[in-house]
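Every number here is computed from the coordinates shown, using simple stated rules; none is lab data. As the structure is a computational prediction, the values presented were derived from the model and not from experiment. Cβ placement follows ideal geometry from the backbone for every residue including glycine, while neighbour counts extend to all protein chains displayed.
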């Protein structure tokens, strides 16, 4: 029995009911963050003996067998789980000063635990139920005092449909493995994976829930939801490609990822022009930012895959800043609509929103600019118009952000003062985030093993 | 009196008709009753299918009845505080929605013939496609979490008709039932949260 792996899987579920009664106290956030950091530490401190179950894949420790199914941890999974839990710890700390985010801690731990099981469980068709369960459970983190329900309801619809698409895709992939040479199953698998990703990542036309979450949901809960779905799907797709090695070799694979990335980047830039409000524009900025990552992955080249893995770290810091800024803005004015908090009354909030938004759309001097620039240089010779379009897309989103800043204050609303401790925490967080943004390129380099796992699968060179 | 094939066709028509009622009705109690009956008819349909063990069909019927009871209690509690939540003016008229249900049924029949799956029965595919389509329409047209939730569960019911007939693993079938319960729990939580906000 692989006890360390059992502990790794059980701890989030054991911690969640302990944190639940504490959720209204200031203890909950640091406790949840400590659990998440402890999980990352546990992954690296435990001396996992290398075991080889399949000739092409070594696992860390023997697989854990539960109900006749095996859960196995590989080197790639260790990196994926470290990223997931490390980012989750930062999210919990971000939610610390805000009472309306109290559901995030227990639900976030439980959802992270379910996603962990989903990533490690084989066959993958059963893992789908756990990742689906995690995605559905996240709907609870979006609720809070005074928050609208429409975003959460729309999210639930998208998550349920996406789950059904994943389950059917897993079934079709198993059929394709059992019946090689029948194109029906491979086509069906690819089609369903594409549909599932469109629904879970908020790709146009199924994008509306992302904006509603940022505009009217609990902001850090919304950030946690889009983070887990986006990053989790990145790792989840890697698990699929490892389980079904024929999948990345399909002609539609790259096309689906590239189309998704382009749609996310361009549609969000165009649609943002017709919208108002920090929350909504922030949602569009997130969509554009994650679109770049998927496009880079879809290129299927060594540079593209490295770039996609590298941007994982860059984006999380900007997302955290956006979530914190939106939560502070909402705490002060009761809404994320623009013009509610004037620049002179909440300069650090506005600076955080603007800075994070600019970081998400990869404006210089933020490190994401290097990613956008590299991708543009990669694609300029073959797709000049497209390259120009997404440089222009970033410009449109930047304009939308600046317009929010310059928007004159409408009706005067009495602002709820932020506690002094929260303001200091915000300023400290802002400073730490700025530092993180500048060191993230080096942190991102540590994710190289994840990129290597993709490259190994694609047999590129 | 009836051939087995005919009985199955009749049950499919009953399932689709009841799903159409869930879509067309405005009153939440009527919707819920039609949904519960649709779940029972879905169970009967599974009993007619040789690929599915009879016990599972029975569990499906029980599951639908329990979920309907849970929703009724949640709906009643929400209605006591907010009259507006449950009886909001519908976005699309009932007759158009009934017509949409009929259209979806015809579309599902065409799809089952045009895109058959080798190991799935065409008649079950018709029921699956129709219920998923109708469920999606209910979910997208509804404003209240309870009605949208009934749409999501209609989609899940439709999918289960297909999944139970092609899946051998009891663990997978159990997990699918668990997902339905999770969705139901989330819908009740959303309904209650909305009630808190409105109050």
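Overview of values
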| quantity | calculated |
| --- | --- |
| Gain on full stretching of the segment that runs from residue A:380 to residue A:415 - 0.36 nm per residue minus C-alpha separation | 7.8 nm |
| Relative contact order %, segment B:1-68, counting alpha carbon pairs below 8 Å whose residues are six or more apart | 30 percent |
| Pairwise label distance in nanometres, residue B:69 with residue A:424, each label 7 Å out on the Cα-Cβ vector | 5.5 nm |
| Segment A:159-229: C-alpha gyration tensor shape, a/c 1.5 cut-off, then a/b vs b/c | prolate |
| Nitroxide proxy distance, nm - points 7 Å out along Cα→Cβ at residue B:102 and residue A:406 | 5.5 nm |
| Cα gyration tensor category, rounded, prolate or oblate, for segment A:81-171 with a/c compared to 1.5 | oblate |
| GNM result for chain B, Cα springs below 10 Å: residue of B:127, B:19, B:100 fluctuating most strongly | B:100 |
| Distance (nanometres) between label positions extended 7 Å along Cα→Cβ at residue A:435 and residue A:24 | 3.6 nm |
| Chain A: angle of helix A:368-379 to the longest principal axis, Cα-based, in degrees nearest 10 | 50 degrees |
| Computed FRET value (nearest 0.05) for residue B:181 with residue A:255, which takes r as the C-beta separation and R₀ as 41 Å | 0.65 |
| Mean residue ellipticity (222 nm) of chain A, computed from DSSP H runs ≥ 4 via -39,500 (n - 2.57), nearest 500 | -24500 deg cm²/dmol |
| Contact order normalised by residue count of chain A, Cα under 8 Å, 6+ apart, percent | 14 percent |
| In degrees, nearest ten, helix A:124-137 long axis to first principal axis of chain A (Cα) | 10 degrees |
| Sequence of A:128, A:177 once ranked by neighbouring C-beta atoms within 10 Å, starting from the fewest | A:177, A:128 |
| Principal-axis tilt of helix A:75-94 within chain A, Cα atoms, nearest 10 degrees | 20 degrees |
| Full-extension gain in nm, residue B:55 to residue B:10, via 0.36 nm per residue minus C-alpha separation | 14.0 nm |
| Rel. contact order, % - alpha carbon contacts under 8 angstrom, at least six apart, chain B | 24 percent |
| Rounded if a/c under 1.5, otherwise prolate or oblate - segment A:1-242, Cα gyration tensor axes | oblate |
